[in-house]
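The values are calculated or read from the model by the stated rules, or taken from the named source; none is laboratory data. Just so it is clear, the structure is predicted and the values come from calculations on it, not from any experiment. Here the Cβ positions follow ideal geometry from the backbone for every residue, glycine too, while neighbour counts run over all protein chains shown.
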Amino acid sequence: DSGVTQTPKHLITATGQRVTLRCSPRSGDLSVYWYQQSLDQGLQFLIHYYNGEERAKGNILERFSAQQFPDLHSELNLSSLELGDSALYFCASSVGEDDTQYFGPGTRLTVL
Amino acid sequence: AQSVTQPDIHITVSEGASLELRCNYSYGATPYLFWYVQSPGQGLQLLLKYFSGDTLVQGIKGFEAEFKRSQSSFNLRKPSVHWSDAAEYFCAVSKAAGNKLTFGGGTRVLVKP
């Protein structure tokens, strides 16, 4: 157990809908990262927050957004969902901006 | 841009045999290198990492990896595989420890009894 928690574990929804994935980092960690794991794209970096501020963006679609709250938990919002958004979404956390990332168990999103 | 190649998609190994998983990276400077393991239905667990210093790195679960700059490789090894090592293994690279990770495509390891 890495200490990173993600909810929900599974999410099934329909095309066009909007969902919110939640991540709680390890105690004391200030950085949160989001990654997407899909069959065709593999594991891809989406976005990084440090202490509430966005630090880096990867291949994140405009339909997706994220934020990190004052209590350091983070949410990833996915809207206008398409079939191709079906994937495993991982959150990772690290102590600072230059530390090893530890991953949560992931949220499996299925879009029907 | 950095990239990672794991040439073997699947590897089947007998329990008790040795295992070596290949990883080649492309990056202009000295990279930060990682190996993660993903068991079925689980998240990614860090096995080991290389930042600098000794090029032979020891990790958890009896794994080790060797950084070879001349070959742009960071291969993972285990002398004797256990059935519980059946999983998918990912090599990753970043510019610094806290930077985004770029992952290889993964190698799925099957362990035969």
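Taken over the range A:59-112, the criterion of being in a loop (DSSP other than H, G, I, E, B), touching a residue at least 60 places away in the same chain (Cβ under 8 Å) and either away from chain B (no Cβ under 14 Å) or among the aliphatic types (A, V, I, L, M) (or both) is satisfied by A:Ser79, A:Ser80, A:Leu81, A:Glu82, A:Val95, A:Leu112. When the range A:88-112 is limited to residues that are over 11 Å from the mean Cα position of the chain (by Cα) and of a type in the set (A, V, I, L, M, F, W, C), the one that is modelled with the lowest pLDDT turns out to be A:Val95.
Taken residue by residue, the range B:87-95 has at least one member that is within 15 Å of B:Ser18 (Cβ to Cβ) and either touching a Ser or Thr at 6+ places or on another chain (Cβ under 6 Å) or buried (at least 20 other Cβ atoms within 10 Å of the Cβ) (or both). In the range B:1-38, the qualifying residues are those that are among the aliphatic types (A, V, I, L, M) and part of a strand (DSSP E or B), and the one that is farthest from the chain's Cα centre (by Cα) is B:Val13. A single entry from B:Ala29, B:Ala96 fulfils the requirement of being within 14 Å of chain A (Cβ to nearest Cβ) and of a type in the set (Gly, Ala, Ser): B:Ala96.
Kindly evaluate B:Phe74 against the criterion of being without any contact (Cβ under 8 Å) to a residue 60 or more places away in the chain, away from chain A (no Cβ under 12 Å) and not acidic (Asp, Glu). The answer is yes for B:Phe74.
Can you find even one residue in the range B:5-24 that is closer than 22 Å to B:Asn99 by Cα, out of contact with any Gly (no Cβ under 7 Å at 6 or more places or on another chain) and not hydrophobic (A, V, I, L, M, F, W, C)?
Within the range B:5-24, one or more residues are closer than 22 Å to B:Asn99 by Cα, out of contact with any Gly (no Cβ under 7 Å at 6 or more places or on another chain) and not hydrophobic (A, V, I, L, M, F, W, C).
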